[in-house]
1. Take the Cβ-Cβ distance between residue 262 and residue 27 as r, set R0 to 25 Å, and report the resulting FRET efficiency rounded to the nearest 0.05.
2. For the chain, rounded, prolate or oblate, judged on the Cα gyration tensor with a ≥ b ≥ c (square roots of eigenvalues), a/c < 1.5 rounded, else prolate if a/b > b/c?
3. Which log10 I(q)/I(0) values does segment 265-349 give at q = 0.11, 0.20, 0.26 Å⁻¹ under the Debye formula, counting every alpha carbon as one identical point scatterer?
4. At R0 = 30 Å, how high is the FRET efficiency between residue 82 and residue 236 if r is their beta carbon distance? Nearest 0.05 is fine.
5. Can you tell which of 279, 227, 311 lies farthest toward the positive end of the dipole of segment 182-338, using +1 and -1 charges on the Cβ of basic and acidic side chains (Lys, Arg; Asp, Glu)?
6. Rounded to whole Å, give me the distance from the Cα center of segment 132-211 to that of segment 276-340.
7. Taking the Cβ of residue 142 as the center, what net charge do the other residues with Cβ under 11 Å away carry, scoring Lys and Arg +1 and Asp and Glu -1?
8. Could I have the simple spin-label model distance between residue 213 and residue 327, label points 7 Å from Cα toward Cβ, reported in nm to one decimal?
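Every number in this text was worked out from the coordinates using simple rules, so none of it is lab data. All values derive from a computational prediction rather than experimental measurement. When we count neighbours, we look across all protein chains shown, and the Cβ atoms used for this are built from the backbone with ideal geometry, even at glycine.
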Amino acid sequence: MNQINITSSKLKTSLSSDSFKPSFGLRNAHSQTILSSVGVRKSIIARRFLPYSTSSKQMLLSGGEGIRLAGYLNRASTKRSSSLAILIHGWEGSHDSTYIQSMALELLNQGIDVFRLNLRDHGDTHHLNEEIFNSTLIEEVMYAIEDLQSRESYADYHLVGFSLGGNFSLRVAALAQEREITLESVIAFCPVIHASQSNIVLNQLSNIVYGKYFVRKWKRSLRKKLQHWPHYDYASRLDSMKTLEEMNQQLIPEYTSYTDLEAYFDAYAISGDRLADTIAPCYLFFAKDDMIIPVEGIKQLSDSPNLTVVVTDRGGHCGYIKNWKWECWQDDQALAIIQQHRNSKADIA
């Protein structure tokens, strides 16, 4: 595992852990986390992205064994780009989450095509598959990316994930060599390292706002699932579940193959040697003030030379808002990494 080990001096400067210096009023972790996706910024990004929303190509991808995952392809221009960035949202996010649209805008404006993938039961796709989403379902994401790459040919592919989507992206990177998946780079912002850590902090009183937020979002998703698959029998119990801990304790043993939470959390962890065999260069970004992903977890990551870890003092959870123009530092970082890999590939060619 490297701390900023990149050949380009320009990219080294860009990825410096002290290069994120938000404007006054945006230095609080909660401001970063909340303002990045709600209110004024959400409206501005949605308005800017509207032309791309209306021109998106919806695609249903095969997740294997009859499973289908949905996503949206946007081209930077009428001419196909040489590069495609595949974006994966966080838990209870979607292809239209503000941070996804913001990143897509940055890349599209620089000539990079974008595919916004929805995980199962996200982005109003509850009708596509009978089984309820859980975070261990990496195989269907692998199949979906294989399907996408077989149908949409590009010179280079880049995978960008946020929070749980960052966790999925890194697991794809670790398994890519076993499958027909090509990745030039993998970029993960605030990825879940081991969910047991996040489960603890989200159930703490100091994080009650975020805990309640995810409880509300998860319940809404489960109720949407019932509209399409009414045979599930959890409806009468949802109201009595008040915390993530209660929901996890009741739902995970019943609707996954895991009988206890620790085994479930460990099944999709990226700690230990889980990322040791990655071939594609992976860039992981963490903030010391992230209240959802404890930064201490980076000590559990593999010492693989293909992992570059950047830790900033501020940023909150997938916030990284630079200023009151609502510009986003994580968008800059992803663009810099992708452009550097594109340029390096062009130089070799």
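1. After rounding to 0.05, the efficiency reads 0.10.
2. Because its axes are fairly even, with a/c under 1.5, the chain counts as rounded.
3. Scattering profile of segment 265-349, log10 relative to I(0): -0.39, -1.06, -1.28.
4. 0.05
5. Checking the options against the dipole of segment 182-338, the answer is 227.
6. So the two Cα centres are separated by 14 Å.
7. Result for the local shell: -4.
8. Between residue 213 and residue 327, the simple spin-label model gives 2.5 nm.
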